[in-house]
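J.: What follows is a single structure, and I will ask about it in a moment.
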Amino acid sequence: MIYCPNCGTANREGSKYCNQCGARLTPEEGIICQICGTINSPENEKCVNCGASLKPAPPPEEKPAEELPKVPVFPEEIILTIEEEAPDFLADLRAKVQEVVLPEEEREVVPPEEEKPIFIAEERYEEEKPSEEEELLPPPAEEKPAVAVEYREEELPDWLKEAEEIVLPPEPSAPADWLKEVEIPWLEEEIVEVPVLAEIPPWLEALRPVEKAPEAPPPEEEAEEMGVLQGLKGLLKPAAIFGPPEKIPLRGEVAELSLGGEEVQKLIKLKPAAPAVKIKAPPKEIRTHRLLHFILLLAVLIPMLLGWPSMPSGSPPTPPGVEKFFQTVEALPPGSFVLVAFDYEPYMAGEMESVAYPVLTHLKGRGCRVALISLNPAGPALAQALGERAGFLYGEEFVNLGYIPGVEAGLRALGTSEGWLVRYDYLQGKPLDSFPAFQSVKGLKGWNLIVLFSGQSSTLLGWIEQVGSMVEAPMVAGVISGLKPYAEPYLGSGQLKGLLGGMADAAFYEAMLGKPSAATRAAPVQAFALLIALLVILVGSLMRGESHA
Amino acid sequence: MLNPDFIGQWVALFLTLVVFSYLIKDNFLYRLAIHILVGVAAGYALLVAYKAVLEKMLILPLLQDPQANVGLVVPLTLGLLLLTKLLPRMGWIGNVSMAFLFGVGAALAIGGAVVGTIWPQTLASISSFSPTHVGLSGAFNNFILFVGAVSALFYFYFTGTRKSKVLRALASLGKAFIMIAFGALFATGLVTFVSLLISRINFILEVLGW
């Protein structure tokens, strides 16, 4: 195994790049760590994996044996020292042990000058006494148990043979009864270290290479039943195609996926494509929404192609908002200044222009001077076209103030500024002060009426909430049909003095004005289309209820 | 003959018919028209933002009378700070401008809602049920509004158990009022789209000379 110097993943022997991260495993010139086997860069002084020093050990100088330095930690001198300076209690201990354990005839009688510790086999030690060079190295670990067992078999007393099989006791056993009688002050105090198996730290255990279990033979895959791959088995790997790749292809390697694809292509070329199996197509689902769209389209198109119908007699009474709107405009004296806001998107122009146009013509008829403004970037262009269509003369009867950014903030700034917030007009780019017809109005001051044409609730509420409390001029609004429910409460509270909600209300306004136009023509068509839509909804609800039942 | 309005009318007619072709099937031309609409709208908005805001409200006043318009340096600086949002490491500098925008926007929206909607609408809701004051229909209308508002509020009363039959009946009544309100909103939305359809078909017929 080669461990990746970057991520630590175990890779197969001989791998050049890591399977996990793609890092290079074999630098061109590397140093192999003697501890973990990781290949490190030549400039590394320590192993990137285990931190061991990578500096090669200095080669042992060939010196004569007598010149080697003597290490004063090795047995002979120490033993000699122990023998010479053995305390008396050890000799007493040995005698007591022999008295307790051994029969009298087997007791060893050792002259005092030859006394040695009982755990040292002097003869054997002398036989295997290493040379001075070997003394520098620790004895091999495997030999220790063998020596101990052999010694016990030959020399150990019976009471020790019972513990023969326990070579490395996991923990110190309880002292025997005879040992309890012996008082060994230093033995009671000091902890006897018993060699145990070293525990592997978690970080080292995590690096242990995991042997992969032998892969089970792939299950028998079903052959393709249709298409050009009919009859082929096990060629495609859906998981590899539709899921993430099992491993990142390394540089210079070909991914398994592409290999599979090549195999498939070869087989396709070799084997002629089987005739396609004809599958009976499922019945076409009825596209309900498309059907409804067509019905609505025909409901609008047919009456318009057959000639614009007129509203039947006995039309409903004029809505109060429309009447108030009309009366408010009608009450304006000639020459009044009217600020008109065009706050709708171009796609709403179809309905909003039918609402705004009769109002502008009414204002034109009243001799008002109109300034057009917009909170929508596309609004000034729409306003300009509609102002010109209503017959206003630019610069004298109407002026286009352009786009005011920021909705609430822009309206607030328009109301609090001393002069024009917009300094130049939209059409000609001239300073607004250069229009003599509008010298007496600036910002939100001096207006006799504010008319709002809104297609969005945000702009409508922006005007009502931010400007309504700052101006004394009455406010009226013309909105798209969908916005009428939102605007109605402000009509009821008096914050709006009039309200036109969509094409139907515009038709009423045109009727009051006496100038029928687009809204008047479209209102019957709209009513007919809505009637058809209502029938479709009822039929659809009944059919749905029947199918549920 | 080939004036811009004439060309614009026929281009608009073609795009309108292409959009209507979606009724038959989703197709390439329909998607092309949608992309043109989005692209043109974005481009036009960008042009208006430059011409109407940057040029007329900032650049020209600063160039023509710098001393009188020295206050415009503040929005100019805040606007330039927003550009640092394009740089990940310096994006925090633009937080000043963002904080200013959000703070002012929230203050204006909350203040406007209280002064312009909540308070006036609350006052407007206090209405009389007496026929002598508002007439018979007015009294009936106000009563319906009162019952609808109270029952709708009870429908959203979730904090306690509805063991009382009266409370459950009020909640059911409130649910009915809410459904009627949703139906009215849907109906007005449908009216809007029918109006837009009428205007488009009217445009097509006008261009074709019908």
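The values are calculated or read from the model by the stated rules, or taken from the named source; none is laboratory data. Keep in mind the model is a prediction, meaning the values are calculated, not measured. Glycine also receives a Cβ, built like all others from the backbone with ideal geometry; neighbour counts cover every protein chain displayed. Surface areas here come from the heavy atoms of the whole protein model, side chains and all, with no ligands, DNA or RNA. Shrake-Rupley method; radii C 1.70, N 1.55, O 1.52, S 1.80 Å.
J.: At 7 Å along the Cα-to-beta-carbon direction for both B:Ala169 and A:Glu13, put a label point, then send me their distance in nm to one decimal.
T.: 9.1 nm
J.: Still on this structure, please answer the following. Which residues of the stretch B:35-54 show a drop of at least 10 Å² in accessible area when all protein chains are present, compared with their chain alone (probe radius 1.4 Å, heavy atoms only, ligands and nucleic acids excluded)?
T.: Those are B:Tyr44, B:Ala45, B:Val48, B:Ala52, B:Val53, which lose 10 Å² or more relative to the chain on its own.
J.: Ok, one more. For Cα pairs less than 8 Å apart in space and 6+ apart in sequence, what is the mean separation divided by the residue count of chain B, i.e. the relative contact order in percent?
T.: Numbers: 92 pairs, mean separation 26.2, N = 210.
So the answer I get is 12 percent.
J.: Counting only other residues whose beta carbon sits under 13 Å from that of A:Val407, what net charge do I get with K and R as +1, D and E as -1? Spell out each step's value before the answer.
T.: Details: positive: A:Arg412; negative: A:Asp343, A:Glu408, A:Glu465.
Charge balance in the 13 Å sphere: -2.
J.: From the backbone phi of the stretch A:43-55, what are the Karplus-calculated ³J(HN,Hα) couplings (6.51 cos²θ - 1.76 cosθ + 1.60, θ = phi - 60°) in whole Hz, Gly and Pro given as x?
T.: So the J values, rounded to whole Hz, are 7, 6, 9, 10, 5, 6, 8, 10, x, 6, 5, 9, 5.
J.: Let me ask something else about it. Are there GluC sites (Glu not before Pro) in the stretch A:334-420 that DSSP puts in a loop and that have at most 13 other Cβ atoms within 10 Å, and which ones?
T.: Qualifying residues, ordered by number: A:Glu396, A:Glu418.
J.: Follow-up. With a 1.4 Å probe on protein heavy atoms only, tell me which residues of the stretch A:436-477 lose at least 10 Å² of accessible surface in the complex relative to the chain by itself.
T.: Residues meeting the cut-off: A:Glu465, A:Gln466, A:Ser469.
J.: How well do other chains shield peptide A:491-500, expressed as the mean number of their Cβ atoms within 10 Å of each residue Cβ?
T.: Per-residue shielding by partner chains comes out at 2.
J.: Right, here's the next one. With the cut-off at 21 Å, tell me which of the pairs B:Lys51/B:Lys85; A:Lys430/B:Lys51; A:Lys445/A:Lys515; A:Lys442/A:Lys497; A:Lys364/B:Lys51; A:Lys445/A:Lys497 have Cα atoms farther apart than that.
T.: B:Lys51/B:Lys85; A:Lys445/A:Lys515; A:Lys442/A:Lys497; A:Lys364/B:Lys51
J.: So, counting K/R as plus one and D/E as minus one, what does the shell of residues with Cβ under 14 Å around B:Ile201 add up to?
T.: Values: positive: A:Arg521, B:Arg200; negative: A:Glu351, B:Glu206.
Combined, the nearby Lys, Arg, Asp and Glu give 0.
J.: Averaged across the residues of B:150-159, what count of C-beta atoms belonging to other chains lies within 10 Å of each residue's C-beta? Spell out each step's value before the answer.
T.: Working: counts 0, 0, 0, 0, 0, 0, 0, 0, 0, 0.
For this peptide, the per-residue mean of nearby foreign Cβ atoms is 0.
J.: Sticking with this structure for a sec: If you count only protein heavy atoms with a 1.4 Å probe, what accessible area per residue comes out for the stretch B:74-126, rounded to a whole Å²?
T.: Per-residue accessible area for the stretch B:74-126 comes out at 70 Å².
J.: Just to be sure I understand the interface: list residues from the stretch B:89-117 that lose 40 Å² or more of accessible area between the chain on its own and the complete protein assembly, 1.4 Å probe.
T.: B:Leu108, B:Gly116, B:Thr117
J.: Could you point to the residue in A:Thr361, A:Ser374, A:Gly410 farthest towards the positive end of the stretch A:346-427's charge dipole, with +1 and -1 charges on the Cβ of Lys/Arg and Asp/Glu respectively?
T.: A:Thr361
J.: Here's something else I'd like to know. Could you sort A:Lys442, A:Lys55, A:Lys96, B:Lys56 by accessible area so the largest value comes first, with the probe set to 1.4 Å?
T.: So, going from the largest accessible area down, we get A:Lys55, A:Lys96, A:Lys442, B:Lys56.
J.: Check A:Tyr17: other-chain or 5+ apart residues with amide H under 5 Å from its amide H, H built from backbone geometry?
T.: A:Leu25
J.: What is the stretch B:131-210's relative contact order, in percent, from Cα pairs under 8 angstrom and six or more apart in sequence?
T.: For the stretch B:131-210, the relative contact order is 24 percent.
J.: Relative contact order, percent, of the stretch A:403-549 when contacts are C-alpha pairs under 8 Å separated by at least 6 residues?
T.: Computed over the stretch A:403-549, the figure is 15 percent.
J.: Right, something else. Skip the ligands, DNA and RNA, and give the accessible area per residue of the stretch B:131-210 with a 1.4 Å probe, whole Å².
T.: So the stretch B:131-210 comes to 66 Å² accessible per residue, rounded to a whole number.
J.: Spelling out what I want: for every residue of the stretch A:511-525, take phi, set θ = phi - 60°, compute 6.51 cos²θ - 1.76 cosθ + 1.60 (Karplus), and round to whole Hz; glycine and proline get x.
T.: Residue by residue, the stretch A:511-525 yields 5, 5, 6, x, 10, x, 9, 5, 5, 5, 6, 7, 4, x, 4 Hz.
J.: May I ask you to order A:325-336, A:483-494 by the average number of other C-beta atoms within 10 Å around their residues, highest value first?
T.: Ranked by mean Cβ neighbours within 10 Å, highest first: A:483-494, A:325-336.
J.: May I ask you to give the solvent-accessible area per residue for the stretch A:1-56, in square angstrom, as obtained with a 1.4 angstrom probe?
T.: With the other protein chains kept in place, the stretch A:1-56 gives 63 Å² per residue.
J.: Could you tell me what percent of the accessible area of the stretch A:460-549 is made up of carbon and sulfur, with a 1.4 Å probe and every protein chain present?
T.: 65 percent
J.: When you look at the Cβ of every residue in B:58-65, what mean number of other chain Cβ atoms sits within 10 Å?
T.: Counting other chains' Cβ atoms within 10 Å and averaging over B:58-65 gives 1.
J.: Then there's this: Where nothing but the Cβ of Lys and Arg (+1) and of Asp and Glu (-1) is charged, how large is the charge dipole of chain B around its Cα centre, in debye to the nearest 20? Let's see the in-between values first.
T.: Numbers: 12 positive and 5 negative charges, 210 e Å.
So the dipole magnitude of chain B works out to roughly 1000 debye.
J.: At a 10 angstrom cut-off on C-beta neighbours, averaged per residue, how do the peptides A:451-461, A:500-510 rank from highest to lowest?
T.: In descending order of packing, they fall as A:500-510, A:451-461.
J.: Which value, in debye to the nearest 20, gives the size of the charge dipole of the stretch A:1-56 about its Cα centre, when Lys and Arg are +1 and Asp and Glu are -1 at the Cβ?
T.: 140 debye
J.: Whose amide H sits under 5 Å from the amide H of A:Ile32, counting only residues 5 or more places off or on another chain, with H placed in the peptide plane?
T.: Sorted by chain and number, the residues that satisfy this are A:Asn40.
J.: Follow-up. Would you please give the residues with an amide H less than 5 Å from that of A:Asn376, counting only those at least 5 places away or on a separate chain, with H modeled from the backbone geometry?
T.: Correct list: A:Ile404.
J.: Follow-up question, since we're still on this one. Packing-wise, with mean Cβ within 10 Å as the measure, how do B:74-85, A:470-481, A:512-523 rank, highest first? Working shown, then result.
T.: Details: B:74-85: 14.1, A:470-481: 22.4, A:512-523: 18.9.
Descending mean neighbour count gives A:470-481, A:512-523, B:74-85.
J.: Using only protein heavy atoms and a 1.4 angstrom probe, determine the accessible area buried between A and B, summed over both sides, in Å² to the nearest 100.
T.: It comes to approximately 3900 Å² buried between A and B.
J.: Another question, if that's okay. Quick one: what are the phi-derived ³J(HN,Hα) couplings along the stretch B:88-101, Karplus 6.51/-1.76/1.60 with θ = phi - 60°, whole Hz, x for glycine and proline?
T.: Rounded to whole hertz, the list is x, 6, 9, x, 5, 5, x, 4, 4, 5, 4, 4, 5, 4.
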